[in-house]
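Report on the structure given below.
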Amino acid sequence: MSNPEHIRKSYHHGELILSDLTQDPIDLFRAWWKTVIDADITEPNAMTLATVNAMHQPSARTVLLKGISDHGFEFYTNYESRKGQEMEKNPNVALLFFWKELERQVRIEGVVEKVSRQRSQEYFQSRPLGSQIGAWASPQSKVIEDRSELDLAVTRIEEKFIGQDPLPVPDHWGGYIVRPHLFEFWQGRPDRLHDRFEYRLENKEWKIERLAP
């Protein structure tokens, strides 16, 4: 089993058929999201965020979903991080949710934009104090000499804001919303004959097609 080519898993959890679909993919995502929450899955809101830099090099990392609305999907990060800089220059992004316990996956493609400063502040100040301090202290994605440099930055922030809770939101930190124009809902099936349905936004309407596995 140490050789990845010998790892095998057959999917038998369920199926996805046309009658299961909704006209609006956000409604189907919400239905799947409820199933995920009811299943008590660890880190249900973990999602892969893919961005592309000026050299057309894609990069991906896991971030946490913090909002679902009719407009899109919300998450928060450091604006000066690698992903923040890449999204500033190229707002086309992709998201991926994979819930292995349910043998389900959702791919999303769309355009990202910053949420309002007020919304960023509301969310920032709802976080635990330690997370607020960490957002102030960490020069995300920058090279640091060692862990002590980060620990010292935390101490400086604690001293700067001694006795304050919540803290003000840093200028370099805030939220984004991904406004989708493509969804793919994937349900694992036996023999790799998975169910896949794609929603593509065309002329402000969602076109639905089944894709071969």
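Structure notes:
- Considered as a group, the residues in segment 165-177 that are aliphatic (A, V, I, L, M) and under 19 Å from residue 140 (Cβ atoms) include one that is farthest from the chain's Cα centre (by Cα), and that residue is 167.
- In this entry, residue 119 is excluded by the filter for residues that are closer than 30 Å to residue 71 by Cα, within 20 Å of the chain's Cα centre (by Cα), of a type outside the set (A, V, I, L, M) and part of a loop (DSSP other than H, G, I, E, B).
- Sole exception among (1) exposed (fewer than 10 other Cβ atoms within 10 Å of the Cβ); (2) of a type outside the set (D, E, K, R); (3) in a helix (DSSP H, G or I) for residue 154, by number: (1)
- Residue 77 satisfies every condition listed in (1) among the hydroxyl-bearing types (Ser, Thr, Tyr); (2) surrounded by fewer than 17 Cβ atoms within 10 Å (Cβ to Cβ); (3) outside any helix (DSSP H, G or I) except (2).
- Test for residue 31: is it among the aliphatic types (A, V, I, L, M), surrounded by fewer than 17 Cβ atoms within 10 Å (Cβ to Cβ) and under 30 Å from residue 204 (Cβ atoms): yes
- Answer from 16, 65 - the residue that is surrounded by 14 or more Cβ atoms within 10 Å (Cβ to Cβ), in contact (Cβ under 8 Å) with a residue 40 or more places away in the chain and not basic (Lys, Arg): 16
- Leading residue by the ranking (modelled with the lowest pLDDT) among those in segment 36-52 that are surrounded by 15 or more Cβ atoms within 10 Å (Cβ to Cβ) and either of a type in the set (Val, Ile, Thr) or at positive phi (or both): 41
- Listed conditions (1) among the aliphatic types (A, V, I, L, M); (2) in a strand (DSSP E or B); (3) under 19 Å from residue 102 (Cβ atoms) are all met by residue 63, apart from (3).
- Within segment 157-213, being touching a residue at least 60 places away in the same chain (Cβ under 8 Å), of a type in the set (A, V, I, L, M, F, W, C) and either farther than 30 Å from residue 104 by Cα or assigned to a loop (DSSP other than H, G, I, E, B) (or both) holds for one residue alone: 173.
- When segment 1-55 is filtered for residues that are assigned to a loop (DSSP other than H, G, I, E, B) and aliphatic (A, V, I, L, M), the ones remaining, listed by number, are 1, 7, 16, 17, 21, 39, 41, 54, 55.
- When segment 97-147 is filtered for residues that are within 16 Å of residue 180 (Cβ to Cβ) and either surrounded by fewer than 16 Cβ atoms within 10 Å (Cβ to Cβ) or charged (D, E, K, R) (or both), the ones remaining, listed by number, are 107, 109, 111, 113.
- Filtered residues of segment 122-141 (kept if assigned to a helix (DSSP H, G or I) and within 16 Å of residue 172 (Cβ to Cβ)): 123, 124, 131, 132, 133, 134, 135, 136, 137
The values are calculated or read from the model by the stated rules, or taken from the named source; none is laboratory data. In this text, all values refer to a predicted model and were calculated from it rather than measured experimentally. Neighbour counts are summed over all protein chains in view; Cβ atoms, including those assigned to glycine, are modelled from backbone coordinates with ideal geometry.
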